[in-house]
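Here the structure comes first, spelled out in structure tokens, and everything after it is commentary.
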Amino acid sequence: MSDIINRDRFLDNIAAKLGRPRQTTPVERPALRYTCHHDVMAGKSRDELKQILIDYTHKALGAHALVTTQAGLTETLRQVCAGYCLDETAASPTNNPSTAPSETLVSADPRLLELFDPEQLDTEEHVVHVWNTQLGYGPNIEIAERAKVGIVYAEQALAESGTMVLYSQPAQGRAISLLPEASVFVVPKSALVARLTQATAELHKKAQQGERLPSCVNFISGPSSTADIELIKVVGVHGPVYATYVIIDDL
């Protein structure tokens, strides 16, 4: 903490305002009286959590959830991207296919690139880009704005709420899941947990171990939507219109 500017002066000032010496020893945290939030779906297996996630995603979020294997991931992603690109052509006001190829932006997270080769999705009608930190902020954002699909790697999936957990990192910019019209989340079955309780517990564990926490943690539940006005749900107001969860069953 010594690299925080004016930290000591700030804390000394607070202690002076409180009229007491500054405390320098950690304060013991009292144990929670109730821990029922840890008991929700605590006995569920990974396969049971997977089914809960799929059912909730389809019924409540208006999103898609697919199950594949590591060997079948490339073909699954090819079909998902093709489906979104065909939707784009069908929605053209002139009903004439665009001469420009559709574009997909893929996270450069090494865990994702170990699972499939993005170049295998590239065709004359479909151009695939990989997030490139060497290009700098601007060019990556421009690609994300043009892209029809963004493919990212999820740290965890929360079965209870159909939520994907994303950690911000240089190889996986936040724009990949926020700017394209469709978001595709790839998550191993081993990363499925019951609910937000387990996701925050993992972050707390990292903090206790002294690990550097991500600058931003996004909890994304399906496509962008809001029901602020008269409780009428509107999709795609401030983010992707479509979302697909791809669960890798054998990982």
- line: Among 68, 200, 76, the residue with the largest mean-square fluctuation in a Gaussian network model of the chain built from Cα contacts under 10 Å is 200
- request: Enumerate the calculated ³J(HN,Hα) couplings along region 11-16 in order (Karplus 6.51 cos²θ - 1.76 cosθ + 1.60, θ = phi - 60°), each rounded to whole Hz, writing x wherever the residue is Gly or Pro.
  value: 5, 4, 5, 4, 4, 5
message: So for the chain, if I pair up every lysine 8 or more residues apart or on another chain, how many of those pairs have alpha-carbons under 28 Å apart?
response: 17
Fraction of antiparallel bridges per DSSP, region 102-209 only, in percent to nearest 5: 20
- request: Could you order 41, 164 so the one with the most accessible surface comes first? Probe is 1.4 Å.
  value: 41, 164
message: Between 28, 114, 142, where does the largest GNM mean-square fluctuation fall for the chain, given springs only between Cα atoms within less than 10 Å?
response: 28
message: Can you tell me the length gained on complete extension of the stretch residue 67 to residue 132, counting 0.36 nm per residue apart and subtracting the Cα distance?
response: 20.6 nm
Region 199-231 residues near the modelled residue 174 label - backbone nitrogen below 11 Å, point 7 Å along Cα→Cβ: 215-219
Accessible-area composition of the chain, carbon plus sulfur, in percent [1.4 Å probe]: 53
query: How much length is gained on full extension from residue 47 to residue 113, taking 0.36 nm per residue of separation minus their Cα-Cα distance?
result: 21.3 nm
message: Just to confirm, what accessible area per residue do you get for the chain at 1.4 Å probe, in whole Å²?
response: 60
query: Which whole-Hz ³J(HN,Hα) couplings does region 26-35 yield from phi under the Karplus relation 6.51 cos²θ - 1.76 cosθ + 1.60, θ = phi - 60°, glycine and proline marked x?
result: x, 8, 5, 7, x, 5, 5, 6, 10, 10
task: Take every Cα-Cα pair in region 138-189 and report what % of them are more than 16 Å apart.
output: 41
- request: Out of all DSSP beta bridges with both ends in the chain, state the antiparallel percent to the nearest 5.
  value: 25
field: Cα→Cβ-extended label distance, 7 Å offset, between residue 250 and residue 32, nm
entry: 3.7
query: Most mobile of 47, 55, 12 per a Gaussian network model of the chain (Cα springs, under 10 Å)?
result: 12
- prompt: Counting only the backbone N, which residues of region 191-215 are under 19 Å from the spot 7 Å out from the Cα of residue 39 toward its beta-carbon?
  reply: 194-198
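The values are calculated or read from the model by the stated rules, or taken from the named source; none is laboratory data. Computed from a prediction, not measured in an experiment: that's the story for all the values here. Backbone-built Cβ (ideal geometry, glycine too); neighbour counts: all protein chains shown. SASA here: full protein model, heavy atoms, side chains in, ligands and nucleic acids out. Shrake-Rupley method; radii C 1.70, N 1.55, O 1.52, S 1.80 Å.
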